[in-house]
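Asker: Pasting a structure below so you can have a look.
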Amino acid sequence: MRNCCAGLSAQLDNWSDVNNKKVVFNRLGHLLLIVALLCASGSHWAMLQSVAWAAMLAENARTDSFQTALVKTFDGRHPCALCRQIAQGRQSEKKTDPQLNLKKLEFFSQSVVFIINSPTHFVLSGERDSTAALRPHAPPVPPPRSLAG
């Protein structure tokens, strides 16, 4: 009876829920990071414009044929209210962007002088085999091969 109750209490514990919450919070953090990067790069305007075009296409397809609805949606002569607001938002965002004042980089006008001095005494040494000098003994002789092998 005791083993049965121990298994039942283990099932009632919420340890799996705690692990699931960690996963959910990690994924939520990643999602918020992606949203922040998209907003910082200005792609939120592209997403809003896509939503506006989808709504315009659906609205135009109710009254006209699909081909006519496509033309009305993407020709630029029939913007909806959301398209106008998106255009105004883009323009206001461009106006509020700080202007970069690029200045000419000024460096000190000092000339760099390289001085190469030749050596006063030069001796060309002979060629030596440096690996032979490192070996105090001759290399070991390999063991004889067996004939049975």
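Asker: Using per-residue counts of other Cβ atoms within 10 Å, averaged over each peptide, order 53-66, 33-46 from highest down.
Answerer: On the way: 53-66: 13.1, 33-46: 11.1.
Answer by packing, highest mean first, reads 53-66, 33-46.
Asker: Could you line up Val113, Val51 from fewest to most neighbouring Cβ atoms inside 10 Å? Before the final figure, lay out the partial values.
Answerer: Details: Val113 5, Val51 12.
Going from least to most buried by this count: Val113, Val51.
Asker: Using the Karplus curve 6.51 cos²θ - 1.76 cosθ + 1.60 with θ = phi - 60°, what ³J(HN,Hα) values do you get for each residue of region 110-115, in whole Hz, with x for Gly and Pro?
Answerer: 10, 7, 9, 10, 9, 10
Any read-out appearing in this document is the output of simple, stated calculations on the displayed coordinates, not a laboratory observation. The model shown is predicted, which means the values in this text are computed figures rather than measured ones. Cβ atoms come from the backbone with ideal geometry, glycine included; neighbour counts cover every protein chain shown.
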